[in-house]
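Throughout, read-outs are computed from the coordinates displayed, never taken from laboratory work. Model, not experiment: these values are computed from the prediction. Glycine also receives a Cβ, built like all others from the backbone with ideal geometry; neighbour counts cover every protein chain displayed.
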Amino acid sequence: MDLIFALALSQHLGFEKKYNNFHPHFRMSYDNVIGGVYYNSLGNISVYGGIRREFRDFGLETAMVSGYRDQLTPYVRGTYKDFYVSPAIEGDKVGWVIGYEFVLDK
């Protein structure tokens, strides 16, 4: 089992509202199964669980996450080394969250 503590910095593209860009993050992983807790873009604590697949420096995560709209929400996140990108929804708009994650402790 791997445990990490990280700090992610994000930018929200294609949205009108301002969002939190500072995301402390704790993750546990075992084989391809991931789970964790982070401070999300709305200023809430999110808990998630899902699957991560890797190919060389690229990764793809699919999971369910809490902390958005009073229900579990699916999410997809693509990674390249410590960079990430994820689609997001604001009302009827689809935008992107891009960012960089600093792993502070492994």
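Brief remarks on what is shown
- Normalised contact order of the chain, rounded percent, pairs of Cα under 8 Å and 6 or more residues apart: 28
- Straight-line reach from Lys93: taking Cα to Cα under 13 Å and skipping same-chain neighbours fewer than 8 places apart, the aspartates and glutamates in range are Glu16.
- Candidates Phe55, Phe26, Phe83, ranked by Gaussian network fluctuation over the chain, Cα under 10 Å, top entry: Phe55
- Relative pair counts by distance (%), Cα atoms of segment 9-54, 10 Å bins: 25, 41, 29, 4
- Sorted by Cβ neighbour density within 10 Å, fewest at the top, the residues Val97, Val33: Val33, Val97
- Placing dummy labels 7 Å off each Cα toward the beta-carbon, the span from Met1 to Phe58 is 3.1 nm.
- Identified option (computed Kirkwood radius over Cα pairs in Å; candidates (1) 14.4; (2) 14.0; (3) 17.5): (2)
- Of the residues Gly49, Gly78, Gly14, the one that moves most in a GNM of the chain with alpha-carbon contacts below 10 Å is Gly14.
- Projected label distance in nm at Asn44 and Lys93, using a 7 Å step from Cα toward the beta-carbon: 2.0
- Under the simplified labelling scheme, the Val37-Phe83 pair shows an inter-label distance of 3.2 nm, with each label point 7 Å from Cα along Cα→Cβ.
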